[in-house]
1. Å³ per residue of the Cα convex hull, for the range 493-559?
2. Average projected area of the Cα convex hull of the range 731-780, in nm²?
3. Taking a 1.4 Å probe, which of F712, F732 shows the most accessible area, and what order do the others take after it?
4. Can you compute the modelled spin-label distance between D28 and E528, with each label point 7 Å from Cα toward Cβ, in nm?
5. Within the range 79-108, find all residues whose amide N lies under 15 Å from a label point positioned 7 Å from the Cα of I543 along Cα-to-beta-carbon.
6. Taking the convex hull of the Cα atoms, report for the range 504-819 its projected area averaged over all directions, in nm².
7. More than 45 Å apart: what percent of Cα pairs in the chain qualify?
8. Each label point is 7 Å from the Cα along the Cα-to-Cβ direction; what then is the distance between the points at A68 and D789, in nm?
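The values are calculated or read from the model by the stated rules, or taken from the named source; none is laboratory data. None of these values were measured; they are calculated from a predicted model. Using ideal geometry, Cβ is built from the backbone for each residue, glycine included, and neighbour counts are taken over all protein chains shown. Ligands, DNA and RNA are excluded from the accessible area calculation, which covers all protein heavy atoms including side chains. Shrake-Rupley method; radii C 1.70, N 1.55, O 1.52, S 1.80 Å.
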Amino acid sequence: MSAQESTPAAASHPLALAPVAAPPASVDGFVREFLRNLNFERGVALSSSAPNDRYMALAYTVRDYLMARWLEDQARQRELQAKGVCYLSAEYLLGRQLDNNLLAARLTEVATEAMVACGIDIDELRQQEVEPGLGNGGLGRLAACFIDSLATMSVPSIGYGIRYEYGIFRQTFVDGQQVEQPDAWLTLGSPWEFPHPEAAQKIFFGGHTEKTTDEQGVETTTWVPGWHVLAVPYNYMVPGYHNGRVNTLRLWRAVASNAFDLRIFNSGDYEEAVRAQTFAENISKVLYPEDSTPQGKELRLQQQYFFVAASIADFLDHQLSADFDLENLPERVIFQLNDTHPVIAVPEFMRVLVDERGMEWDAAWAITQKCFAYTCHTLLPEALEVWPVDLLGRLLPRHLEIIYRINEEFLLEVRERFGDDELRIRNMSIISENPRSVRMAYLATVAGAKVNGVAELHSQLLREKVLPDFDEFYPGKFTNVTNGVTPRRFVRLANPGLAGLITEALGAGWTVDLERLRGLEAFAEDPEFRVKFAEVKRANKRILSDVLRERDGFVLNEDHLLDVMVKRLHEYKRQMLKLLHIVTEYEGIVSGRVEASSVQPRTFIFGAKAAPGYAMAKRIIHLINAVGSVVNDDPRVEGRLKVLFPPNYNVTLAERVIPAADLSEQISLAGKEASGTGNMKFALNGALTIGTDDGANVEIRELVGDDNFFLFGMTEPEVEALWAKGYKPAEFYQADSGLRRAIDLIASGAFSDGDRSVFEPVVSNLLYDDRFMVLADYSSYIAEQAKVDAAYGDQDAWTRASILNVARTGFFSSDRSIRDYIDRIWHTPPIL
Ligand SMILES: *Cc1c(COP(=O)(O)O)cnc(C)c1O
């Protein structure tokens, strides 16, 4: 880090000159290192240690094995000065670290045996780890998968983000309703982080700008900020899988610079003295829930600027060689903007180059346009981030000036190309009117060398529907990189049974070359293999059953078809559609129209958090729980339908639920889900998908084949056509008796002790608004679910389809995504 760098230690002792060595990778070596950590780092004896002590000591020990490589890689990346990626993301949904790091370092067996030798149950220690939930959902998990792949593929890179003191809230249910608890993940200490307060960066805010003109008439602008905070880096190891590489994730924590104003304190105003500290430290206090209300939006802009300014300064000050010529930056770095959250990095980079490094504007802009690339993650126009000009100007006055100038010059170019087409100019302006705001997606598109969507369909719609003028103006700028997930976490760690079976069939190597799963196609035709595959699925259900009993007191029937919908709660994802299917099945039984004994036994598992300010999403959670408690307790159902909703869906739970699933619910309205990554995790673990033609579902279906995928619902063009014609949900309600009975049952108060008012808002939203066309897709969904039931009746055929899903979805490894980023956007070859 910087302090060490600026004054390198002039060592002469031979030990200091030798490279650091890892402890011996034997059980004895591991035990010795573990006990040393327990004694010297935790200050306890084994006999008097608490589980947390033992977990911490185990984590430290794993760190010790990775340390030599980490130090080497940091030195090598600085030495080589090869082109690398700075991945800028406001979210990293990492999941637990212990098992991942053991696996990467090939230490799983040694550590397990070493713990046995110490009389310790390593599983108990695993349970100690609180996962760092520094993200909301798919976008943050994608960032975590990408840094894993970058390390595994030896691509020089740093992940930059925010070390939130409180990550995504912990969800509990009280009377079926979501209650949020703070996620105090740091309470017992985090063994995986390395704070470096001495390397803090000063981050400025507010104030005003001043212009001065020198004798040659050259104008310079100085930003005179009003206040600042310190950004303290916390480093995390990102070990590659079995390749001896360890990359870095650097998360920033906000700390007050004059934490303790002695003058104020001495005058007796203790509260005022700590107020400044609290104000500054709020910046990295909590992760923002998506879809939250505008309150506190200013804090969110502070967070965004805080982390990108710190990251850019860190890169320029500490990652470049001392004599680096900034003109060569495009050959040295690409900053990948994960959604619009880090886009304020663009004017910040310009400010640093022009105001601080004295570069000409045009030269700086040419460099900037080569050093940034932007990933768009949405199609919902309302989800494209905008910042009111007055807020931005107050918080970052110099950046607003820079944005104005970028926009002015950009619009001049637009005029040159298209003439004075005022409508087009207004549509393309980075600044929108009423209220005057900065469109961050437009700024990113103008500044980025490339703009990518996250699945084929999404990228196409992005070009055609969201940014068509930009696509016309910048031919070749738009591209696609379909998302992926890391097979290390989501197959190897989450599904050791399946991983073992694959290795038995195909040999090792598939973990870093997932297309090799194709080799399983032949095994799908082998009855013996199908039996073993089905046994693995069953064993995974048993594991999940144990987890849910322990965690939530649930009983899981392992003979049921396990039907799973886990993802953030959002109307566009259409948990309501899933619920209408369940209510339809239930209504059929209790009305006597369907024999309970003729129903395919199914357990429905939901996992979903609702943004705390999203009232409709919270009502839907309440309704799921309400339906669950009625259905589960109704003797007429004869236990053939079960609805389980374990609270607090997170990466740790995903790793247990997904490998056990038979059916994956991916039922968003076509054109609304950018990609989805949950869909990929399920297919790779052998669940069959019931899904719409949306996001990456399209590519999953193309790969696995129509026979191995349950497709339903309108296509995106059909959705558009229905909107154009005028969508009236009540007409669908009238036209389908099953739908009518399901909605009427909810409206009747059957799931709310006869109180019709409780779920009235949900019902009327469906009947009179239904923005996401649940009712329009209902009949097609129900018909397809009947096909699911029929297909599940032939277990052997189902297993065959399940194997083919695994065999044909190797494409969705995040290694492939990263290869696509390298080929299409980054041009950062791996280092050997
Ligand atoms: C993969 C994942 C997601 C994303 O799921 P989608 O179905 O793609 O929305 C969200 N949360 C967690 C914990 C995940 O692991």
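1. 87 Å³
2. Seen from a random direction, the Cα hull of the range 731-780 projects 3.3 nm² on average.
3. F732, F712
4. That separation, rounded to one decimal, is 4.1 nm.
5. 96, 99-100, 103
6. Directional mean of the projected Cα hull area for the range 504-819 stands at 16.5 nm².
7. Here the tail beyond 45 Å accounts for 28 percent of pairs.
8. Output for this residue pair reads 6.2 nm.
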